[in-house]
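Notes follow the structure.
The values are calculated or read from the model by the stated rules, or taken from the named source; none is laboratory data. These numbers come from a predicted model, not from an experiment. For neighbour counting, all protein chains shown are included, and Cβ atoms are generated from backbone atoms with ideal geometry for every residue, glycine included.
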């Protein structure tokens, strides 16, 4: 008895499920990379500003806008020796585009300050839809 045809039919029935799982895994990986990039840009901007002699929100804003794309919102609060930066970014999703054509919104907020000539950066919230 020749089973090659049965194996081929079984594979073709399972193939769409495997492709959906693959697209989902790749999409979540790309999302994690995007989240890490947003975090890195915010931390780098805060570190740079706290190392300078005078903290300027315009330099932070320029740095963020030059290093991130699809920015939804940037909020910068500057104190004498501290700074809070909140950024929201739109990111396109492969998986959601296939299902309901929706983008993710990554929102990150960090607070940085100097303590004993060391720069401390604290994460304030996570990301959401």
Only one of these conditions is not met by residue 27: (1) crowded, with 17+ Cβ neighbours inside 10 Å; (2) at pLDDT below 90; (3) under 20 Å from residue 115 (Cβ atoms). Which number is it? (3)
Determine the pairs where a residue that is in a loop (DSSP other than H, G, I, E, B), located within the stretch 95-118, has a partner that is modelled with pLDDT under 90 with Cβ atoms under 8 Å apart, the partner being 6 or more residues away or on another chain. 102/93; 102/96; 102/129
Answer yes if at least one residue in the stretch 70-81 is under 20 Å from residue 28 (Cβ atoms) and either in contact with a strand residue (DSSP E or B) (Cβ under 9 Å, 6 or more places away or on another chain) or not in a strand (DSSP E or B) (or both), and no otherwise. yes
Counting only residues in the stretch 61-74 that are under 17 Å from residue 124 (Cβ atoms) and either free of Cβ contacts under 8 Å to residues at least 12 places away in the same chain or touching a helix residue (DSSP H, G or I) at 6+ places or on another chain (Cβ under 7 Å) (or both), the one surrounded by the fewest Cβ atoms within 10 Å (Cβ to Cβ) is identified as 74
On the basis of being touching a residue at least 24 places away in the same chain (Cβ under 8 Å) and either part of a helix (DSSP H, G or I) or loosely packed, with under 10 Cβ neighbours inside 10 Å (or both), does residue 8 make the cut? no
Tell me which of these residue 81 doesn't satisfy, since it passes every other one: (1) touching a helix residue (DSSP H, G or I) at 6+ places or on another chain (Cβ under 8 Å); (2) farther than 13 Å from residue 112 by Cα. (2)
